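Just below is one structure, and these are the notes that go with it.
Each value in this text was obtained by applying a stated rule to the coordinates, not by laboratory testing. The shown structure was predicted, so the numbers you read here are calculated from the model rather than taken from an experiment. When we count neighbours, we look across all protein chains shown, and the Cβ atoms used for this are built from the backbone with ideal geometry, even at glycine.
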Amino acid sequence: MKGKQTRERAHDLAIPFRVTKGDSFRLKDIDPGDTLWLKNEDKAKAKEALVAGMVTMSALQEKLYAQAKWSLLLIFQAMDAAGKDGAIKHVMSGLNPQGCQVHSFKAPSNEDLDHDYLWRCLKVLPSRGMIGIFNRSYYEEVLVVRVHPELLDKQRIPRELVSKHIWKQRYEDIRNLEQHLSRNGVVVLKFFLHISKKEQKRRFLERLETPDKNWKFSPADLHERDHWNEYMDAYEDMIRHTATKAAPWHVVPADNKWFTRKVVSAAIIEALGRLKLAFPEVDDTTRQQLALARAKLMKK
C-alpha cells in the first residue's frame, strides 16, 4: 500500500513540470524557485518522503532488472551549479549499482569527432533491464555548440552540410532517435534543472568562499554565464522542438536542491510504475528443476 501511495504522490509532483508537447512551452512560465505546495519548513518531511521514494524506486529497479525487457535512460541538462551532480548522486543512492550506469559527457575527444555527434552517446545506451544516466548528452550539440557556433568547425562536417537549418535538422535527428528508442523498449526521461541567475551567482560565490568547494569552480563557468540569455533561448528552443510524449522533458525548478531531487525522484518512480514491471514467472519445467534442487539440498 505504501508503494502505491508513493507512486500516486510521485505522479502529483512530476506532472506539473512535464512537457510532452513543446509548441506552447515558454521557459519564463517556470519559476526556478517554485516548490508547489511544499514550503521550506517542510524540508524535513521532504527528506522522509525521499527515503520512502528510494525504497519504492529500488523495488521497481529490481523488477526492471529481473524482467530484462525495458531499459531506462535519464538525461540531465542544466547550467553550471544547477545541481546535476547532486541530483544524480541522490538518484544513485536509491539504486543498485549493478543495474545502473552513469556517463558524463564533456568536450568530445578526437575519436568522438571522427564520428557523427550522436555516436558517443549511442554506444553507451543502457541495455535491457538497466538504467543509464547521462550527465549532459547529445543535447550539448544544440546548446553549447549553438551558443558557440565556432565549435562546428571542429566537428569535421562537410561545409556544404552546415546551413542555417542545422539546429532544426538536429532537433529532427534527436526526435527520430528518441522515437526509435521508445519503440524498442527504452524509456527516455529528460531533465532540465532550471536555476535562476541569482541563485547561480550565490552558489558560485559559495564555491569561491568555501575552501572545500574551491575545486568545483572554473573560470570557464563565468565565461558561460556571460552568455546567459543566449543559453536560455537555446534551452527554450531545445525543449520546444524535442519534447514529445515518447521522450518528455521535465523542467524542474532548481533553486531549492531538496525540491529538485524530490521532483526527479518522483518522475522516475512515476515512469517505472507505468511499465507494469513484474518478476519473471517460471515454467513447469523450471519449477520441477527447482524442486529437485531443493530436495538435493535438504539431503546434504
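Within the set Lys201/Lys257; Lys123/Lys257; Lys39/Lys245; Lys84/Lys216; Lys154/Lys213; Lys39/Lys262, which residue pairs have Cα atoms separated by over 21 Å? Pairs exceeding the cut-off: Lys123/Lys257; Lys39/Lys245; Lys154/Lys213. Only the Cβ atoms of Lys and Arg (+1) and of Asp and Glu (-1) were treated as charged; on that basis the dipole of the range 87-226 about its Cα centre amounts to roughly 440 debye.
For the charge dipole of the range 16-152, defined by +1 on Lys and Arg C-beta atoms and -1 on Asp and Glu C-beta atoms about the Cα centroid, which residue among Cys100, Val144, Leu60 has the Cα displaced farthest towards the positive pole? Toward the positive end, the furthest listed residue is Leu60. Report the one residue of Ala267, His223, Pro211 whose Cα lies farthest in the direction of the positive end of the charge dipole of the chain (charges on C-beta: Lys and Arg +1, Asp and Glu -1; origin at the Cα centre). Selected residue: Ala267. Each of Arg128 and Thr286 was given a label point 7 Å from its Cα along the Cα-to-Cβ line. The distance between the two points is 1.3 nm. The packing ranking, built from the mean of other Cβ atoms within 10 Å per residue, places the peptides 257-266, 10-19, 161-170 in the order 257-266, 10-19, 161-170, highest first. Look at the dipole of the range 2-299 built from charges on Cβ: of Thr35, Met238, Ala293, the Cα furthest out on the positive end belongs to Ala293. Between Lys39 and Lys296, the distance separating the two model label sites (each 7 Å from Cα on the Cα→Cβ line) works out to 6.4 nm. For Asp226 and His180, the FRET efficiency from 1/(1 + (r/R0)^6), where r spans their Cβ atoms and R0 equals 35 Å, is about 0.40. Calculate how many DSSP beta bridges within the chain are antiparallel, expressed in % of all such bridges and rounded to the nearest 5. Beta bridges within the chain, antiparallel portion: roughly 10 percent. Charging the Cβ of each Asp and Glu at -1 and of each Lys and Arg at +1, and nothing else, the dipole of the range 2-299 about its Cα centre rounds to 1140 debye. Computed from point charges on the beta carbon alone (+1 for Lys and Arg, -1 for Asp and Glu), the dipole magnitude for the range 145-235 about its Cα centre is near 160 Debye.
Charge tally around Asp80: other residues with Cβ under 15 Å, Lys/Arg +1 each, Asp/Glu -1 each, net +4.
The base-10 log of I(q)/I(0) for the chain, evaluated at q = 0.07, 0.09, 0.14 Å⁻¹, reads -0.31, -0.49, -1.10 [Debye formula, identical scatterers on Cα atoms, solvent excluded].
Cβ-Cβ distance of Lys106 and Val55, R₀ of 22 Å, FRET efficiency by 1/(1 + (r/R0)^6): the value works out to about 0.05. Summing Lys, Arg as +1 and Asp, Glu as -1, what charge do residues with Cβ under 13 Å from the Cβ of Arg120 carry, Arg120 excluded? Local net charge: -3. Per-residue ellipticity at 222 nm from helix content only, as computed over the chain with -39500 (n - 2.57) for each DSSP H run of at least four residues, stands at -15000 deg cm²/dmol.
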